[in-house]
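Enquirer: Structure below; questions to follow.
The values are calculated or read from the model by the stated rules, or taken from the named source; none is laboratory data. Nothing here was measured: the structure is a model prediction, and the numbers come from that model. Cβ placement follows ideal geometry from the backbone for every residue including glycine, while neighbour counts extend to all protein chains displayed. Ligands, DNA and RNA are excluded from the accessible area calculation, which covers all protein heavy atoms including side chains. Shrake-Rupley method; radii C 1.70, N 1.55, O 1.52, S 1.80 Å.
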Amino acid sequence: MKPLVTLRHVARIALLAVGLGALPRYTGAQATARDTTALHVLFVGNSYTYYNDLPSVVADLSRASREAQRVAPEQVLFGGHTLEMHLARGDALAAIRRGGWNVVVLQEQSTRPIDAPSATLRDVPRLAAETRAVGARLALYLTWAREARPLSQDTLTMTYTSAATATGALIVPVGEAWRRARADPAVGVALREAQLSLFDADGSHPSPAGTYLAAVVFFSTLFRTSPIGLPPTTRRTLDEPRPGPPAGAPRLALPVSLARELQRVAWEVVQPRLAAIP
């Protein structure tokens, strides 16, 4: 696939904005306070995002690529929180309303779209309206089925798809990449050889390998380009972070052979969807 842009290209930012549906740039006071060459992304969610510091892993990948704009992440992440709880708590709304975002990522509590889809479909539009009001693009972080409930992926995907259709949001199809990876023989071999799993020991949260798969799906979706060849660097933490820029959890490296298989699966899932992204 022909690359969208290189870091040396003078039209880098304009081309990447087109690739993301003409995402807005900072203006006025915000432009003087923040780096206008970066893609500013706010992550709103819970432990599925803060386990292994997903925002920082996405930023790591963007810095390593010649095809991507640097991601500058911030986060409002509280363990176990649903979007309804975020709305009631107020931290996420305050962060969104501060403005200056190119993308706002919403991650619903892991089983909410399965057990109470109407609640997700009620709450996403409320946060979508706030996101539109500050000129940002909304992205929905489609999560994965728990290890013991693989068939629930269908309902997860259906609920997130319905929410995206209702709000014009971008879907980041992480759960679909997990579904494919769990059924892919080459991924299975690579995981066994590395003595790793996509899941943490609880069968719900991501391991560093699972977070890496999520991160390469984010990279491919945001920048419409293949992640194949990116570094195998992920991170490891279980700690809930404070709202704001990530402090940066400790880095660790996956086996290159495993990283390549996860990159391949991510691209196989994202690439066919690119034509449908406005």
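Enquirer: May I ask you to list the residues in the stretch 140-182 that are part of a helix (DSSP H, G or I) and charged (D, E, K, R)?
Expert: Result: Asp154, Glu176, Arg179, Arg180, Arg182.
Enquirer: Here's another thing I want to ask about it. One residue is enough: does the stretch 230-237 have a residue meeting the conditions of a type in the set (Ser, Thr, Tyr) and open to solvent by less than 10 Å² (accessible area, probe 1.4 Å)? Spell out how you get there, then give the answer.
Expert: Just the residues of the stretch 230-237 that are of a type in the set (Ser, Thr, Tyr), to begin with: 233-234, 237.
Now drop any that are not open to solvent by less than 10 Å² (accessible area, probe 1.4 Å), which leaves 234.
Within the stretch 230-237 (the criterion being of a type in the set (Ser, Thr, Tyr) and open to solvent by less than 10 Å² (accessible area, probe 1.4 Å)), the answer is yes, since at least one residue qualifies.
Enquirer: Here's another thing I want to ask about it. Tell me yes or no: at least one residue of the stretch 115-124 is open to solvent by 20 Å² or more (accessible area, probe 1.4 Å), basic (Lys, Arg) and either under 25 Å from Leu252 (Cα atoms) or touching a strand residue (DSSP E or B) at 6+ places or on another chain (Cβ under 8 Å) (or both).
Expert: The initial filter retains those residues of the stretch 115-124 that are open to solvent by 20 Å² or more (accessible area, probe 1.4 Å), namely 115-118, 121-122.
With basic (Lys, Arg) added as a condition, the list becomes 122.
With either under 25 Å from Leu252 (Cα atoms) or touching a strand residue (DSSP E or B) at 6+ places or on another chain (Cβ under 8 Å) (or both) added as a condition, the list becomes none.
There is no residue in the stretch 115-124 that is open to solvent by 20 Å² or more (accessible area, probe 1.4 Å), basic (Lys, Arg) and either under 25 Å from Leu252 (Cα atoms) or touching a strand residue (DSSP E or B) at 6+ places or on another chain (Cβ under 8 Å) (or both).
Enquirer: While we're here: Filtering the stretch 159-189 down to residues that are of a type in the set (A, V, I, L, M, F, W, C) and over 20 Å from Val103 (Cβ atoms), which residue is most open to solvent (accessible area, probe 1.4 Å)?
Expert: Among those that are of a type in the set (A, V, I, L, M, F, W, C) and over 20 Å from Val103 (Cβ atoms), it is Ala183.
Enquirer: In the stretch 241-278, what residues are over 14 Å from Thr211 (Cα atoms), open to solvent by 60 Å² or more (accessible area, probe 1.4 Å) and either assigned to a strand (DSSP E or B) or in contact with a helix residue (DSSP H, G or I) (Cβ under 6 Å, 6 or more places away or on another chain) (or both)?
Expert: Once the filter is applied, which keeps residues that are over 14 Å from Thr211 (Cα atoms), open to solvent by 60 Å² or more (accessible area, probe 1.4 Å) and either assigned to a strand (DSSP E or B) or in contact with a helix residue (DSSP H, G or I) (Cβ under 6 Å, 6 or more places away or on another chain) (or both), the stretch 241-278 yields Pro243, Ser257.
Enquirer: Hey, any hits in the stretch 12-21 for a residue that's over 30 Å from His205 (Cβ atoms), at pLDDT below 80, within 18 Å of the chain's Cα centre (by Cα) and assigned to a loop (DSSP other than H, G, I, E, B)?
Expert: yes
Enquirer: Looking at the stretch 75-98 only, could you name the residues that are crowded, with 18+ Cβ neighbours inside 10 Å and either among the hydroxyl-bearing types (Ser, Thr, Tyr) or in contact with a helix residue (DSSP H, G or I) (Cβ under 8 Å, 6 or more places away or on another chain) (or both)? I'd like the intermediate steps shown before the answer.
Expert: As a first pass, look at the stretch 75-98 and keep what is crowded, with 18+ Cβ neighbours inside 10 Å: 75-78, 81-83, 86, 92, 95-96.
Within the stretch 75-98, Gln75, Val76, Leu77, Phe78, His81, Thr82, Leu83, His86, Ala92, Ile96 meet the criteria.
Enquirer: Let me ask something else about it. Out of all the residues in the stretch 67-74, is one or more out of contact with any strand residue (DSSP E or B) (no Cβ under 9 Å at 6 or more places or on another chain), over 20 Å from Tyr50 (Cβ atoms) and open to solvent by less than 10 Å² (accessible area, probe 1.4 Å)?
Expert: No, because not a single residue in the stretch 67-74 is out of contact with any strand residue (DSSP E or B) (no Cβ under 9 Å at 6 or more places or on another chain), over 20 Å from Tyr50 (Cβ atoms) and open to solvent by less than 10 Å² (accessible area, probe 1.4 Å).
Enquirer: From the list Ala194, Ala214, exactly one residue is at pLDDT 95 or above, small (Gly, Ala, Ser), within 17 Å of the chain's Cα centre (by Cα) and closer than 27 Å to Ala64 by Cα. Which is it?
Expert: None of the other options fit; the residue is Ala214.
Enquirer: Take the residues in the stretch 190-205 that are surrounded by 13 or more Cβ atoms within 10 Å (Cβ to Cβ) and of a type in the set (S, T, N, Q); name whichever of them is farthest from Thr49 (Cα to Cα).
Expert: It comes out as Ser197.
Enquirer: Checking the structure you have, find out if any residue of the stretch 206-221 is in a loop (DSSP other than H, G, I, E, B) and either open to solvent by 20 Å² or more (accessible area, probe 1.4 Å) or touching a residue at least 12 places away in the same chain (Cβ under 8 Å) (or both).
Expert: Yes - at least one qualifying residue is present in the stretch 206-221.
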